Amino acid sequence: MSFSYITEANPAEMKIAVVGAGAMGSMIGGRLTEGGANVVLVDVWKKHVDAINEKGLLMTGYGGERIVKARATYDFKEVGVVDLVVLMVKARQTERATKDALPLIGENTTILSLQNGWGNEEIIGKVVGNEKVMGGCILGGAILLDPGKVLDCGDWPTYIGELDGRVSERGKRISKVFNEAGLKTILSQDIRVDIWRKILLNVAINPTSALCRFLDDEERLQIEEVKEVMFEAIEEAGKVVRLEGIEVNPEEAKETLVNMLTEQGAAEGGKSSMLVDVEHKRKTEIDFINGAVVKLGKKHGIATPVNKTLVAAVKGLERNFRD
């Protein structure tokens with residue numbers, strides 16, 4: 001199979017490869033494709049890739065049920081060099097996926113990480129050079145229901161930006177393409193802050209959802225001890241990241257957390273990525289979320305006992321999946 005790219009129209013003039021067509025990658029690739037962007041989904045799961053190519057990507061949830069005529073492959077070499085690689089693999093797979101994606105990367109290719117956690121951009125930069133890397137985060141959620149079928153859990157914004165805070169021409173172009181394709185995107189003036197705003201939520205939501213997996217979001221808030229742990233994890237994260245010169249507001253994060261986990265704020269059918277990993281007996285991204293807080297705490301000599309305990313508890317849970 002070979003892929004041809006449309007060049008006469010915007011946003012289709014930008015060649016985009018979404019590497020990692022799991023739940024979030026499929027949702028992003030599907031949204032962009034639906035909006036006219038020129039996208040190829042790349043994933044190692046052959047059954048999922050074949051389903052997309054044979055029947056289209058079935059999207060449900062936000063926007064209603066529809067079939068998007070997406071393109072997919074499990075062979076990087078089929079795609080050729082692209083303008084933009086959107087990296088959507090699990091954080092623990094970042095290095096390997098970046099190396100696998102080298103056939104997509106040319107002199108002017110940008111690699112945009114919209115992954116969970118802290119440290120992905122540094123790992124990518126060591127493989128392809130820091131000048132090719134942009135950071136980002138997406139606040140939306142998605143669940144891969146079946147091969148070729150994804151549940152889109154809501155219309156939340158995507159943030160992208162240069163790691164040094166510049167407002168670059170490539171950033172303007174990417175955000176324009178994303179917005180014109182219908183994926184609401186904000187060009188950040190400090191993407192580190194936006195990434196950590198999400199991490200402050202993730203350090204609370206992800207591990208507690210995995211550890212209390214038989215409780216729904218609102219039930220976790222109703223248990224005072226669990227609520228206290230979530231709030232304390234946020235406070236620790238805010239404390240250590242400020243020592244990195246990144247200003248975030250833990251109180252604002254707590255307020256957002258409560259809104260997200262109530263019936264009014266929760267996305268229909270939504271689950272945290274860590275809970276989905278646990279349900280499928282996979283290793284989680286705990287090292288890149290709560291583990292990142294613990295790592296920064298050690299760097300600055302600050303104790304992070306709540307996040308350290310959550311890391312230990314989730315890793316203990318993962319040990320049950322070793323077979």
Could you give me the radius of gyration and the Dmax of region 66-149, taking only the C-alpha atoms into account and expressing both in angstrom?
-> 13.5, 40
Sorted by Cβ neighbour density within 10 Å, fewest at the top, the residues Glu65, Glu252, Glu235 = Glu65, Glu252, Glu235
Semi-axes of region 45-97 from the Cα gyration tensor (sqrt of 5 times each eigenvalue, largest first, whole Å) come to 23, 15, 12
Rg/Rh of region 178-286 (Cα atoms, Kirkwood Rh), to two decimals, equals 0.99
Write out the trypsin sites (Lys or Arg not before Pro) in region 32-113 meeting two conditions: DSSP loop, and at most 14 other Cβ atoms within 10 Å of their Cβ.
-> Lys69
Sequence of Asp146, Asp83 once ranked by neighbouring C-beta atoms within 10 Å, starting from the fewest = Asp146, Asp83
Taking the Cα centre of the chain as origin, sum charge times position over the Cβ atoms of Lys and Arg (+1) and Asp and Glu (-1), and report the length of that vector in debye to the nearest 20.
-> 940
Multiply the residue gap between Ala303 and Glu251 by 0.36 nm, knock off their C-alpha separation, and tell me the result in nm, one decimal place.
-> 16.7 nm
Expressed in angstrom, Rg and Dmax over the Cα atoms of the chain are 19.0, 57
Using the C-alpha atoms of region 119-162, what convex hull volume per residue, in cubic angstrom, is computed?
-> 106
Whole-percent pair-distance distribution, where bins are 5 Å wide, for the alpha carbons of region 15-189 | 1, 9, 19, 24, 22, 16, 7, 2, 0
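With 10 angstrom as the radius, rank Ile234, Ile205 by how many other C-beta atoms surround their C-beta, starting from the fewest.
Ile205, Ile234
Each reported figure results from applying straightforward, stated rules to the coordinates on display, with no laboratory input. None of these values were measured; they are calculated from a predicted model. Note that we place each Cβ from the backbone using ideal geometry, even for glycine, and neighbour counts take in every protein chain shown.
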